[in-house]
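Trainee: I'd like to ask some things about the structure below.
The values are calculated or read from the model by the stated rules, or taken from the named source; none is laboratory data. Bear in mind that the values here come from a model prediction, so they are computed numbers and not experimental data. A quick note on method: Cβ atoms are made from the backbone with ideal geometry, for glycine too, and the neighbour counts reach across all protein chains shown.
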Amino acid sequence: MRILIAYHSDYGSTEKMAQAISAGASASQTDCKVTVKQAADTSLNDLEKADVILFGTPVHMGSMAWPMKKLVDETSKLWMENTLEGKVGGVFATGGGLGSAGGGIEQTLISLHSNFLEHGMVVIGFPKSLPGYADAGLHWGVCARTSNHEGMPQGISDAALVAARSYGAHVAAMAAHILGADL
């Protein structure tokens, strides 16, 4: 199984989350090859080759960061050709903002889900029964607050990285189950 994790990171927190998801996926499924790439370095060919695609982004003004949005917009060619149909997807995000709300993190996760569903992908959420959900989970995917109460970057917590590893293992296990006969 080929897993692609494409992300954008401003201060390193989303990148750390991508690496933790990769570690969880690799530990869960020994027969998988995980590739972690920045969104700006991810090609349509990378997406075509992957069986599983995870997108991660920090939240910018209530939505995904523009490098991730640029990658999403570039997939319209793949949408026209139904290339991503049937692939498995997952999403993750980091956010700051004020008021302890994550500054639009849920909306960002939903938006990423929407793009994957537009392609006919099967999208995996983050069940509340998994380790780390209470610290960095929403049913849409794994997420982490990465700023202090003044909205300034403070990094990602160890608890959020536990959740990310848990989510990576879950997505890989579900993909193996869903795609099992096709791999």
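Trainee: Can you list residue pairs whose Cβ atoms sit under 8 Å apart, with the first residue in the stretch 53-82 being within 20 Å of Lys37 (Cβ to Cβ) and the second being among the acidic types (Asp, Glu) and assigned to a loop (DSSP other than H, G, I, E, B)? Count only pairs 6 or more apart in sequence or on different chains.
Mentor: That search, which allows pairs on different chains as well, returns Pro58/Asp10; Ala65/Asp10.
Residues checked against (1) at pLDDT 95 or above; (2) under 19 Å from Phe116 (Cα atoms):
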residue	(1), (2)
Ala18	yes, yes
Gln29	no, no
Lys33	yes, no
Asn45	yes, yes
Gly56	yes, yes
His60	no, no
Glu74	yes, yes
Glu81	yes, yes
Leu98	no, no
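Trainee: Inside the stretch 100-157, can you point out the residues that are out of contact with any strand residue (DSSP E or B) (no Cβ under 6 Å at 6 or more places or on another chain) and at positive phi?
Mentor: The answer is Ser100, Gly120, Gly132, Gly151, Gly155.
Trainee: Name every residue in the stretch 157-183 that is touching a Gly at 6+ places or on another chain (Cβ under 8 Å) and among the β-branched types (Val, Ile, Thr), in order of residue number.
Mentor: Correct list: Val162, Val171.
Trainee: Which of the residues that make up the stretch 9-20 are among the hydroxyl-bearing types (Ser, Thr, Tyr) and buried (at least 19 other Cβ atoms within 10 Å of the Cβ)?
Mentor: Result: Ser9, Ser13, Thr14.
Trainee: All but one of (1) without any contact (Cβ under 8 Å) to a residue 40 or more places away in the chain; (2) under 14 Å from the mean Cα position of the chain (by Cα); (3) surrounded by fewer than 23 Cβ atoms within 10 Å (Cβ to Cβ) hold for Ala23, so report the exception by its number.
Mentor: Just one mismatch for Ala23, condition (1).
Trainee: Also: Quick one: would you say Ala6 is closer than 22 Å to Ala163 by Cα, in contact with a Lys or Arg (Cβ under 6 Å, 6 or more places away or on another chain) and surrounded by fewer than 19 Cβ atoms within 10 Å (Cβ to Cβ)?
Mentor: In short, no.
Trainee: Right, something else. Would you mind finding the one in Ala93, Ala160, Ala175, Ala164 that is touching a strand residue (DSSP E or B) at 6+ places or on another chain (Cβ under 7 Å) and assigned to a strand (DSSP E or B)?
Mentor: Step by step, each of Ala93, Ala160, Ala175, Ala164 is checked, and only Ala93 is touching a strand residue (DSSP E or B) at 6+ places or on another chain (Cβ under 7 Å) and assigned to a strand (DSSP E or B).
Trainee: Determine, yes or no, whether Leu84 is touching a His at 6+ places or on another chain (Cβ under 8 Å), surrounded by fewer than 23 Cβ atoms within 10 Å (Cβ to Cβ) and either of a type outside the set (S, T, N, Q) or not in a strand (DSSP E or B) (or both).
Mentor: Judged against the criteria, Leu84 is a match.
Trainee: Moving on to the next point. Anything in the stretch 26-69 that is surrounded by 16 or more Cβ atoms within 10 Å (Cβ to Cβ), β-branched (Val, Ile, Thr) and assigned to a strand (DSSP E or B)? List them, or say none.
Mentor: Of everything in the stretch 26-69, those that are surrounded by 16 or more Cβ atoms within 10 Å (Cβ to Cβ), β-branched (Val, Ile, Thr) and assigned to a strand (DSSP E or B) turn out to be Val34, Val36, Val52, Ile53, Thr57, Val59.
Trainee: Scan the stretch 122-171 for residues that are at pLDDT below 90, polar (S, T, N, Q) and surrounded by fewer than 17 Cβ atoms within 10 Å (Cβ to Cβ) and jot them down.
Mentor: Passing the criteria: Asn148, Gln154.
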